[in-house]
Amino acid sequence: METIIENELVRELANKHGRTRESLIPILQDLVVQYRFLSKKDMVDVARELDISAADVFGTATFYTFLDTEVRGKYIIRICKTISCAMKGKNEILSTIEDILKIKLGETSSDRKFSLLEANCIGWCHKAPAMLINDTPYTELTPEKVTEILREYIKIQ
Amino acid sequence: MVSLSINGMLVKVPQGTTILDAAKKLNFRIPTLCQHDDLCVAGNCRVCVVEQLGGRSLLAACATPVSSGMQILTNSLKVRAARKHVIELLLSEHNADCTKCYKNGNCELQDLSNEFSVGDHLLLDLTETKEYTIDRFSPSIIKDDSKCIRCQRCVRTCEQLQGVNALTVAYKGEHQKISTFEELSMAEVICTNCGQCINRCPTGALVERTYLDEVWDAILDPEKHVVVQTAPAVRVGLGEELGFEPGERVTGKMVAALKRLGFDSVLDTDFSADLTIMEEGTELLTRLKRALVDKDPSVALPMTTSCSPGWIKFIEHTFPEYLPNVSTCKSPQQMFGALAKTYFAQVRKLDPKNIVSVSIMPCTAKKYEANRPEMRSSGYKDVDYVLTTRELAKMIKQAGVEFRKLKEDKYDSIMGKSTGAGVIFGATGGVMEAALRTAYEIITGREVPFEGLNITPVRGMEGVRLASIKIEECKEEWSFLNGVELKCAVAHGLVNARELMNRVKSGDLIVHFIEVMACPGGCLGGGGQPIPTNEKIRKKRTEAIYAEDMSMELRKSHENPEVIGIYKEFLGEPLSHKSHELLHTHYTERVRY
Ligand code: SF4
Ligand code: SF4
Ligand code: SF4
Ligand code: FES
């Protein structure tokens, strides 16, 4: 038997954005802001709250790169994988990050502090290579520069 | 009306007609994959493209309405090249191992590949770069992503016909796939096993789990007594797989074929459908009595039927608060199974452990139902294997039985006799009608006040239908029902069942008795019925069901001599202790995803 534990946040978000199909994406976005990813439970609770199927919520979430359905770290690094960044040395940046954080592309560090992902074009082609850490863009990256940036993040407790 | 020309021939069609349908009128067939008569337009496969003279790009015939003066070519060089290319693109990602595929010989993609003579692939074979999953966990359905062309017929079926939405399109681009919630197995999610998606999948990506080998093994084992039961709707569908037109009744030939296949006893689910009416009718009257006379507030009304296992699983997931409202009667299949290894074994002096009970069903959810842990009240698995109408047709072909030439035969006895009331279980509204024929007579001593016993208000194809019968001049013991208007509701297709239940839940609809069949049209439109199934074919099968009813000597369940007999010799009376043990069950609340 399924025990329904009230999901306060989901309820609140549904109150805020509404309970129609169009409210789905704003609710999911807010959940991601809060938890950085959509847990199975939250997706089911959103489905219940909007009276739609959980598969629908999952389908929508997996369509959008920024609506993650896997556990993510506190800082999500997204390296732009599009051609301009690739030509300007994105791979080197990537391996530098992998070396420093000891995680591979797609992984999250065991302390759940960092996740390393790729993104489609983030609109900084003119200052490639570029990456995002959460919402902050970093551009014209070099191995040295990225090392420096990460060092700052590592320091944050 | 709009006039246009197709391949140089003029045609006039109503505004809004698609090019596809206009071409049909002139007897030009345009190939399709994502299009299905039961579903909304998707326009995603592009195999139906046609050329418009003077137009810049090709048009999808299934998605483009005609306009005046259009000049369409359905078979130009450009069109042929484009279609062939579409098919080749699909095949470049398709695990085309046709000889080993369940759909071999009955696959729309295969047919098109053949039609367009796709030879050596011009395109790179991408299948090896893909990590496809095959989900074999469900007792009803196998989902093989390596065969999926992402036409989304299944997703639209599950949404538009069934309102379940167990399937969705997940991810995007080259990773796009048809998925359940969190890519769980079909067995772990809200899927009702109705098989409507299987019936519409143009490839081998969604197919029923087959038990043909197990059944052949049992038949060929001399130790085993193999009992087979056939559901009402099979006799009006089977013919389509074996060279008959939709709507042909093949009851007698089917019985003859089953005997030739080597089944030891060929019996009828219609018998246990009649029995269901006795149990369920009595249950309804008992609930009404408790509500009206004893004023017992714990009585759950409206009572709903329970013969459709897809509906049962749906309500368990979706409206669990209404589980007390569901009749505790097992479905006719499971009543039959429980009796096959008890009553039948006893009368025929067989050891139940040597009985193998097989059922032929228009339904894939029945495969799931037979595997529910509750369904072992005989002390054994009550129904060992469930085959669909399609699987039976395949068995008949495998055995080389020339179906068309068979002489009609009759069911064996006991548990082979039935009435017209049992037959109409196969059509939406049929259980309601059968129940009313019996209940009304129990209460008043008179036949239902409808000409020829045909309760037409509960028949038809409307998604939700309401009807009521005024009860008057009751027999003494039922006098509390004098003047009561018995209100009934019927829904078919789970999308309509959901709407009906929401109306009940909101208090907007007050009724006493609800019939739900999970599939559009009822069992005759079941997921295990011949492919294709669509509105036109469902109507033909419906006519056949009612014709079969009219052809029966007896039309009311309580007059079935074998039903009278089993109460006398074995069960006692409806809702007796023994009935409860063998013929009734309980339900389980299930997850929301
Ligand atoms: S799905 Fe159709 S085309 Fe694909 S392997 Fe099976 S029969 Fe062949
Ligand atoms: S599973 Fe079948 S119906 Fe569904 S998208 Fe794939 S090919 Fe189409
Ligand atoms: S079997 Fe029925 S409920 Fe399950 S996915 Fe297919 S259409 Fe949906
Ligand atoms: S059948 Fe027309 S686009 Fe698929």
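Per-residue ellipticity at 222 nm computed for chain B from its helices equals -9000 deg cm²/dmol, with DSSP H segments shorter than 4 residues left out and the rest contributing -39,500 (n - 2.57).
Ranking of B:Trp216, B:Trp311, A:Trp124 by neighbouring Cβ atoms within 10 Å, starting from the fewest: B:Trp216, A:Trp124, B:Trp311.
Where in segment A:71-86 does the amide nitrogen come within less than 13 Å of the point 7 Å from the Cα of A:Lys40, taken along Cα to Cβ? Residues A:71 qualify, since their backbone N sits under 13 Å from the label point. Angle of helix A:54-63 to the longest C-alpha principal axis of chain A, folded into 0 to 90 degrees and rounded to 10: 20°.
Taking label positions 7 Å along the Cα-Cβ direction at both A:Asp30 and A:Asp135, the computed distance is 1.5 nm, reported to one decimal. Converting phi to 3J(HN,Hα) with the Karplus coefficients 6.51, -1.76 and 1.60 and the offset θ = phi - 60°, segment B:91-96 yields 5, 5, 10, 10, 7, 7 Hz in sequence order, with x at every glycine or proline. If you plug the beta carbon distance of B:Ala187 and A:Phe66 into 1/(1 + (r/R0)^6) with R0 = 45 Å, you get a FRET efficiency near 0.90.
A compact globular protein would have a Cα radius of gyration near 2.2 N^0.38 Å; the ratio found for segment A:8-63 is 0.95.
Once the Cα atoms are used to define both axes, helix A:24-35 deviates from the longest principal axis of chain A by about 60 degrees. Counting other Cβ atoms within 10 Å as a rough exposure proxy, the listed residues B:Ser413, B:Ser179, A:Ser53 run B:Ser413, B:Ser179, A:Ser53 from fewest neighbours to most. FRET efficiency for the B:Thr99 to B:Ile564 pair, using the beta carbon distance and R₀ = 45 Å, is estimated at 0.30. Expressed to the nearest 5 percent, the antiparallel share of DSSP beta bridges inside the protein assembly as shown is 50 percent. Seen through its C-alpha gyration tensor, with square-root eigenvalues sorted a ≥ b ≥ c, segment B:298-443 comes out prolate because a/c lies at 1.5 or above while a/b is bigger than b/c. Computed from backbone phi with θ = phi - 60° and the Karplus coefficients 6.51, -1.76 and 1.60, the 3J(HN,Hα) list for segment B:28-34 is 9, 8, 10, x, 9, 10, 7 Hz; x is used for glycine and proline. Considering the convex hull of the alpha carbon atoms of chain B, report its projected area averaged over all viewing directions, in nm², one decimal. Here the figure is 28.8 nm², rounded to one decimal.
Once you've got the Cα coordinates, tell me which of B:Lys313/B:Lys539; B:Lys341/B:Lys578; A:Lys81/A:Lys113; B:Lys259/B:Lys381; B:Lys100/B:Lys366 are over 19 Å apart. Beyond 19 Å between Cα atoms: B:Lys313/B:Lys539; A:Lys81/A:Lys113; B:Lys259/B:Lys381; B:Lys100/B:Lys366.
Apply the a/c threshold of 1.5 to the C-alpha gyration tensor of segment B:350-403 and tell me whether it is rounded, prolate or oblate. Note, shape of segment B:350-403 comes out oblate.
The label point for B:Gln176 and the one for A:Lys145, both projected 7 Å from the Cα toward the Cβ, are 3.7 nm apart.
Taking 32 Å as the limit for the C-alpha separation, the pairs B:Lys330/B:Lys405; B:Lys103/B:Lys253; B:Lys147/B:Lys367; B:Lys417/B:Lys475; A:Lys104/B:Lys177 exceed it in the case of B:Lys330/B:Lys405. Taking the C-alpha atoms only, the angle from helix B:309-318 to the longest principal axis of chain B is near 80 degrees. Over segment B:98-208, the pair-distance histogram of Cα-Cα distances with 10 Å bins from zero comes to 13, 46, 32, 9, 0 percent, rounded to whole numbers. One decimal place: the segment B:Ala81-B:Ser298 gains 71.3 nm when fully extended, by the rule 0.36 nm per residue minus the C-alpha distance.
The length gained by stretching the chain between B:Thr588 and B:Leu26 to full extension, at 0.36 nm per residue less their Cα-Cα distance, is 197.0 nm.
When the label point is put 7 Å from the Cα of B:Ser3 along its Cα-to-beta-carbon vector, which residues of segment B:43-73 have a backbone N closer than 19 Å? Zone members listed by number: B:53, B:66-73. Placing R0 at 60 angstrom, the Cβ-Cβ distance between B:Glu447 and B:Gln71 gives a FRET efficiency of 0.45 after rounding to 0.05. Placing dummy labels 7 Å off each Cα toward the beta-carbon, the span from A:Lys74 to A:Glu8 is 2.2 nm. For B:Thr533, B:Thr133, which order do you get if you count the other beta carbons within 10 Å of each Cβ and list the fewest first? Taking fewest neighbouring Cβ atoms as first place, the list is B:Thr133, B:Thr533.
All of the numbers you see were taken from the coordinates with simple rules; none came from a lab. Here the structure is a predicted model, which is why all the values come from computation and not from measurement. As a convention, Cβ positions derive from the backbone with ideal geometry for all residues, glycine included, and neighbour counts pool all protein chains shown.
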